[in-house]
Amino acid sequence: MRIALVYTKRTWEIERIEEEMRRGGVEIERYYPSEFSLKIEEGEMKVLPEIQADAIYFRGPGKGSWEETTIRMNIFKVINQSIPVVNSPESIEKCTDKMEATIRLFLSGIPVPETFIVQKEDITEEFLKKYKKVIRKPLFGSKGEGIEMIKRGGTGYLQKYIEHGGRDIRTFVVGDEVLGAVCRVRKGSLVTNVARGGRTEVCELDEELRDLSILSARALGAEICGVDIVESKEGRYVIEVNSSPSWKGFQSATKINVASKIVEYFLRGCPEHK
Ligand SMILES: Nc1ncnc2c1ncn2[C@@H]1O[C@H](COP(=O)(O)OP(=O)(O)O)[C@@H](O)[C@H]1O
Ligand SMILES: [Mg+2]
């Protein structure tokens, strides 16, 4: 078995994956998303360099302009027709665009917070009047960056602030298995992301969390993902599915070897890949 790793940064997560691949006797190929080209000529379409692996672990297109990102995603869509690309470029697009993710989660019957995606300020005023505490999130943000409480005006992706008391839940999905759940705690803060000072604690994985996680991952077609869930007196809401999740905090709290679960999923032939 040969697996190609496509990433922009050699993170702790990539190092753990390589370690598990070596342990499992898996051969490794490494690529940057920015090094590929596509040729259409003489009735043929070809991606260069040619990947020899049996499957690809794709951590997303990396930073780039809209044009660069489009090129990379299209190239991986072509590759995915002959070699399984996990997560698929289509699912990464759906997860990364918070508007598309929320629409798809909602249409799959998954509880999401009240959300207005607004281009006219009078709609924003209506939303604020009704829900009082409202946050704005960048459509393509991550790690809690750029999320702010708004008091008036403005447009964009607006969401009712769920009173979570500085604690939310992150579950981790690999294929059809939910590995576990952790709580990220940051008292007195709008966001609880580990990147923003959130502390990670183990959290009981009950049936509801398990179901919400699997349904959310399926709604967006993500095979390996982190699901963010906020909880209040009114219930639980899915706020995000992360298709290139970090798992250092998750692993140190749960003691689950995430990389070995991921490599195992590849060795089983990526059964959830569509
Ligand atoms: N509707 C919401 N109500 C309360 N807190 C929220 C809401 N949306 C996001 N947050 C907080 O902000 C954090 C980051 O939001 P998220 O949607 O997961 O975006 P990011 O991609 O930046 O992680 C969440 O983990 C949560 O703590
Ligand atoms: Mg998040």
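The values are calculated or read from the model by the stated rules, or taken from the named source; none is laboratory data. Nothing here was measured: the structure is a model prediction, and the numbers come from that model. Reconstructed Cβ throughout: ideal geometry from the backbone, glycine too, with neighbour counts over all protein chains shown. The area values use the complete protein model at the heavy-atom level, side chains included, leaving out ligands, DNA and RNA. Shrake-Rupley method; radii C 1.70, N 1.55, O 1.52, S 1.80 Å.
Out of GLY64, GLY25, GLY60, GLY43, report the one residue that is small (Gly, Ala, Ser), within 16 Å of ligand 2 (Cβ to nearest atom) and at pLDDT 95 or above. Explain how you work it out, then say what you get.
Working: GLY64 fails: within 16 Å of ligand 2 (Cβ to nearest atom); GLY25 fails: within 16 Å of ligand 2 (Cβ to nearest atom); GLY43 fails: within 16 Å of ligand 2 (Cβ to nearest atom).
Exactly one residue qualifies, and that residue is GLY60.
Quick check on this structure: which one of THR155, THR192 is farther than 20 Å from ILE92 by Cβ and free of Cβ contacts under 8 Å to residues at least 40 places away in the same chain? Quick ask: steps written out before the conclusion?
Working: THR192 fails: free of Cβ contacts under 8 Å to residues at least 40 places away in the same chain.
Result of the check over THR155, THR192: THR155.
For segment 94-131, which residues satisfy the criterion of being surrounded by 18 or more Cβ atoms within 10 Å (Cβ to Cβ) and charged (D, E, K, R)?
Those that are surrounded by 18 or more Cβ atoms within 10 Å (Cβ to Cβ) and charged (D, E, K, R): LYS94, LYS98, ARG104.
Within segment 154-195, how many residues are outside any strand (DSSP E or B), away from ligand 2 (no atom under 12 Å from the Cβ), at pLDDT below 95 and in contact with a Lys or Arg (Cβ under 6 Å, 6 or more places away or on another chain)?
Number satisfying all stated conditions: 1.
Those residues that are of a type outside the set (A, V, I, L, M, F, W, C) and either touching a Phe, Trp or Tyr at 6+ places or on another chain (Cβ under 6 Å) or more than 9 Å from ligand 1 (Cβ to nearest atom) (or both), I need them from segment 182-208; list them, please. Reasoning before the result, please.
Initially, segment 182-208 is screened for residues of a type outside the set (A, V, I, L, M, F, W, C), giving 184, 186-189, 192-193, 196-201, 204, 206-208.
Listed by number, the residues that qualify are LYS187, GLY188, GLY197, ARG199, THR200, GLU201, GLU204, ASP206, GLU207, GLU208.
Among (1) in a helix (DSSP H, G or I); (2) more than 24 Å from PRO271 (Cβ to Cβ); (3) open to solvent by 20 Å² or more (accessible area, probe 1.4 Å); (4) among the β-branched types (Val, Ile, Thr), there is one condition VAL78 misses while meeting the rest; what is its number?
Condition not satisfied by VAL78: (2).
List the pairs whose first member sits in segment 217-233 and is open to solvent by less than 10 Å² (accessible area, probe 1.4 Å), whose second member is among the polar types (S, T, N, Q) and assigned to a strand (DSSP E or B), and whose Cβ atoms are under 6 Å apart, counting only residues at least 6 apart or on separate chains?
CYS225/ASN242; GLY226/ASN242; VAL227/THR171
Filtering segment 237-258 down to residues that are part of a helix (DSSP H, G or I) and surrounded by fewer than 21 Cβ atoms within 10 Å (Cβ to Cβ), which residue is nearest to ligand 1 (Cβ to nearest atom)?
Result: GLY249.
Give segment 71-100 a look and list any residue that's under 27 Å from THR115 (Cα atoms) and without any contact (Cβ under 8 Å) to a residue 12 or more places away in the chain, or say none.
Correct list: GLU100 only.
When the residues of segment 196-208 are filtered to those that are assigned to a strand (DSSP E or B) and of a type outside the set (Asp, Glu), which remaining residue is farthest from LEU267 (Cα to Cα)?
Looking at residues that are assigned to a strand (DSSP E or B) and of a type outside the set (Asp, Glu), I get ARG199.
Determine which member of the set SER252, SER232, SER189, SER213 is hydroxyl-bearing (Ser, Thr, Tyr) and under 26 Å from ARG10 (Cα atoms).
After applying the criteria, what remains is SER252.
Taking segment 57-71 on its own, how many of its residues are open to solvent by 30 Å² or more (accessible area, probe 1.4 Å) and outside any loop (DSSP other than H, G, I, E, B)?
Counting residues in segment 57-71 that are open to solvent by 30 Å² or more (accessible area, probe 1.4 Å) and outside any loop (DSSP other than H, G, I, E, B) gives 6.
What is the number of the single condition among (1) open to solvent by 30 Å² or more (accessible area, probe 1.4 Å); (2) within 16 Å of ligand 2 (Cβ to nearest atom) that LYS151 does not meet?
(2)
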